[in-house]
Amino acid sequence: MTSQRGFTLVELLVAMTLGLFLTGGIIQAQLAARQVLAMQTALNRQSTTILAAGDLLTRHIREAGYGTSAGNALSGTPNRITVSYNYSIDPSLPGQDCTGTPLTAVSTDTFLVSTRVIDGATVPFLGCEPNGGSVELLVPDIDRLAFRYYVAGDLRPANEIPTDWSTVNGVRLTFTALGNPAGGVPDQEVVLSVGVRARILAGGAQP
């Protein structure tokens, strides 16, 4: 007859301890993976926000002031900017305002930072007032928007508007793309310099 021997109390305690360590390690690994995923998601969202805001502002600033008038094509205060457009009657060269609506007359777009309330929290965003209308949300999580002009080698605040647009060589814009500081993704300040280039319009007019 073969005798059978069970586990001793010490062996059971050792097995339970090893099991707890293994379970704890798995939980820690899962938590770390979730944190990395959350951080990567926040970084991707912040990068997308920066690209969208930068591209939109750059494109519309470059579209300003390509008519024959020497007057201001940009105006505003240090934290908001108004872009004035002419429009083309040629259907092959349609222009659009900041919301994508086709231009049918001389128009202005004012870019600014506004806020909205989401789940009880006030969230800033890059907005636009098309032709003096209500604020439209363009890019979320944008704050601290500011503009300065490059004029004859000098950098001036946006509220010191030159009277002759032809003297403006470019616009420096800065904004902050919000991150998730609690999740390891800090807010990021973005500085862009936008050169103002001449463009021949459909009617042959040049600035």
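For region 178-197, a residue qualifies if it is more than 17 Å from residue 38 (Cα to Cα) and either modelled with pLDDT of 90 or more or in contact with a helix residue (DSSP H, G or I) (Cβ under 6 Å, 6 or more places away or on another chain) (or both), and the qualifying residues are 188, 189, 190, 191, 192, 194. Kindly indicate whether residue 148 is of a type in the set (Lys, Arg), within 16 Å of the chain's Cα centre (by Cα) and modelled with pLDDT of 75 or more. The answer is no for residue 148. In region 156-177, of all residues being more than 16 Å from residue 110 (Cα to Cα) and modelled with pLDDT under 70, the one that is surrounded by the fewest Cβ atoms within 10 Å (Cβ to Cβ) corresponds to 163. Screening region 32-73 for residues that are at pLDDT 85 or above and of a type in the set (A, V, I, L, M, F, W, C) and picking the one that is surrounded by the most Cβ atoms within 10 Å (Cβ to Cβ) gives 57.
The values are calculated or read from the model by the stated rules, or taken from the named source; none is laboratory data. Owing to the predicted nature of the structure, the values given are computational and were not obtained by experimental measurement. FYI the Cβ positions are ideal-geometry reconstructions off the backbone, even for glycines, and counts take in every protein chain you see.
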